[in-house]
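J.: Before I ask anything, let me first share the structure, which is written out below as structure tokens.
The values are calculated or read from the model by the stated rules, or taken from the named source; none is laboratory data. Just so you know, these numbers come straight off a predicted model, no measurement behind them. Cβ sites come from the backbone with ideal geometry, for glycine too, and all protein chains shown count toward neighbours.
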Amino acid sequence: MADNRYWVEAARPRTLVAGIVPVLVGTAAAGRLSPPRFAGALVVAVFMQVGVNFANDYFDAVKGVDTHERLGPRRLTSSGLIAPGAMRNAMVAAFLIAVATGLGLSAAAGWELTVVGAVSVVAALGYSGGPYPYGSRGLGEVFVFIFFGVVATVGSAYVQIEEISGLALCASVPVGFLASAILVANNLRDIPTDSRTDKRTLAVILGDARTRTAFKALIVGSYLSLGLIALCGGGLWVLLPLLSFPLAIPVLRKIATDSGRQLIGVLVGTAKLQLAFGVLLAVGLWV
């Protein structure tokens with residue numbers, strides 16, 4: 001049985017921000033708070049993220065994508081610290097928790113959420129699993145923007161008010177941009193090893209220089225999109241995330257100069273930026 005420390009590591013706690021922020025922002029955009037529904041949405045989002053992390057760890061190991069040359073945080077299956085079968089079971093358990101909680105939300109807020117949940121699970125498994133994993137075909141960032149940006153944010157608002165919110169849709173743009181930026185930073189670091197294993201991420205396709213440019217565009221675009229949210233009815237308070245820009249400056253500097261393992265710092269810094277940006281945006285929307 002694997003040590004509990006390894007399971008925490010495999011869950012990659014720093015990436016869970018990508019699941020938490022859209023729930024905060026979507027709920028604030030709804031302008032209404034049902035604590036049980038909020039808690040349910042949070043459980044779904046977090047366990048979906050954990051399930052994705054377990055799935056990537058498992059599928060990349062069994063497909064031979066992860067090697068000892070990988071520069072990022074170690075993968076537990078390929079390192080031999082967690083058996084493939086145990087990781088597969090943990091992946092299934094995480095998704096089942098998300099699905100079970102989602103069914104409860106569907107019973108309260110509408111059956112439409114069941115369809116959204118089913119599509120989300122299939123998309124999560126298809127990222128690194130199956131015969132044609134789209135995460136290895138340059139579409140990973142698209143998946144993250146759609147599901148950890150638009151779907152999660154708008155879905156969190158829907159759970160509260162049982163209708164699609166235009167304000168939540170607008171607010172999902174920077175949420176998706178920042179979540180995608182985390183993946184871009186991750187894939188930039190892994191360009192050398194991914195290229196050797198024929199894992200064609202967007203970073204591999206674009207190359208080093210253009211991937212760095214794409215990262216900068218996502219960060220800057222997140223701040224520019226605040227104007228869109230204001231026009232969608234968010235008011236001037238949605239400009240509060242501008243206060244997080246001091247956190248963006250070192251990240252933008254590092255993406256221009258760092259390489260290899262140094263890029264792990266960019267990944268961590270971007271996650272912190274997304275959390276600060278998301279909390280401030282949620283406060284602005286709620287006010």
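J.: When the stretch 193-209 is examined, which residues are found to be charged (D, E, K, R), surrounded by fewer than 17 Cβ atoms within 10 Å (Cβ to Cβ) and touching a helix residue (DSSP H, G or I) at 6+ places or on another chain (Cβ under 7 Å)? Full working, then the answer.
T.: Going residue by residue through the stretch 193-209, those that are charged (D, E, K, R) are 194, 196, 198-200, 208.
Then drop every residue that is not surrounded by fewer than 17 Cβ atoms within 10 Å (Cβ to Cβ), which leaves 196, 198, 200, 208.
Listed by number, the residues that qualify are R200, D208.
J.: Would you please list the contacts, defined by Cβ atoms under 7 Å and residues six or more apart or on different chains, that run from a residue in the stretch 234-250 that is at negative phi and touching a residue at least 24 places away in the same chain (Cβ under 8 Å) to a residue that is charged (D, E, K, R) and assigned to a helix (DSSP H, G or I)?
T.: Pairs found: L247/K272.
J.: Given the conditions (1) at pLDDT 85 or above; (2) in contact with a Lys or Arg (Cβ under 9 Å, 6 or more places away or on another chain), which single one is not true for D66?
T.: Tallying (1) at pLDDT 85 or above; (2) in contact with a Lys or Arg (Cβ under 9 Å, 6 or more places away or on another chain), D66 fails exactly one: (1).
J.: Does D190 meet the test of being among the acidic types (D, E), crowded, with 21+ Cβ neighbours inside 10 Å and more than 13 Å from the chain's Cα centre (by Cα)?
T.: Working: among the acidic types (D, E): yes; crowded, with 21+ Cβ neighbours inside 10 Å: yes; more than 13 Å from the chain's Cα centre (by Cα): yes.
Considered against the rule, which asks whether it is among the acidic types (D, E), crowded, with 21+ Cβ neighbours inside 10 Å and more than 13 Å from the chain's Cα centre (by Cα), D190 comes out as yes.
J.: Name the residue, out of L267, L263, L273, L206, that is touching a residue at least 60 places away in the same chain (Cβ under 8 Å), under 22 Å from P133 (Cβ atoms) and not polar (S, T, N, Q).
T.: L267
J.: Just to be sure before I move on: is A185 touching a Leu at 6+ places or on another chain (Cβ under 6 Å), in a helix (DSSP H, G or I) and small (G, A, S) in the structure I sent?
T.: Working: touching a Leu at 6+ places or on another chain (Cβ under 6 Å): yes; in a helix (DSSP H, G or I): yes; small (G, A, S): yes.
When the stated conditions are applied, A185 passes them.
J.: Limited to the stretch 125-167, what total is found for residues that are of a type in the set (A, V, I, L, M, F, W, C), closer than 30 Å to G64 by Cα and in a helix (DSSP H, G or I)? Write out each step before concluding.
T.: From the stretch 125-167, those of a type in the set (A, V, I, L, M, F, W, C) are 125, 139, 142-148, 150-152, 154, 157, 159, 161, 164, 167; that's our starting set.
Checking the rest, the ones that are also closer than 30 Å to G64 by Cα come to 125, 139, 142-148.
Subsequent filtering for residues that are in a helix (DSSP H, G or I) retains 125, 142-148.
Looking only at that region, the number is 8.
J.: Please go through the stretch 196-233 and pick out each residue that is part of a loop (DSSP other than H, G, I, E, B) and over 20 Å from the mean Cα position of the chain (by Cα).
T.: Residues satisfying the conditions are T197, D198, G207.
J.: Tell me yes or no: at least one residue of the stretch 248-263 is basic (K, R) and surrounded by 15 or more Cβ atoms within 10 Å (Cβ to Cβ).
T.: yes
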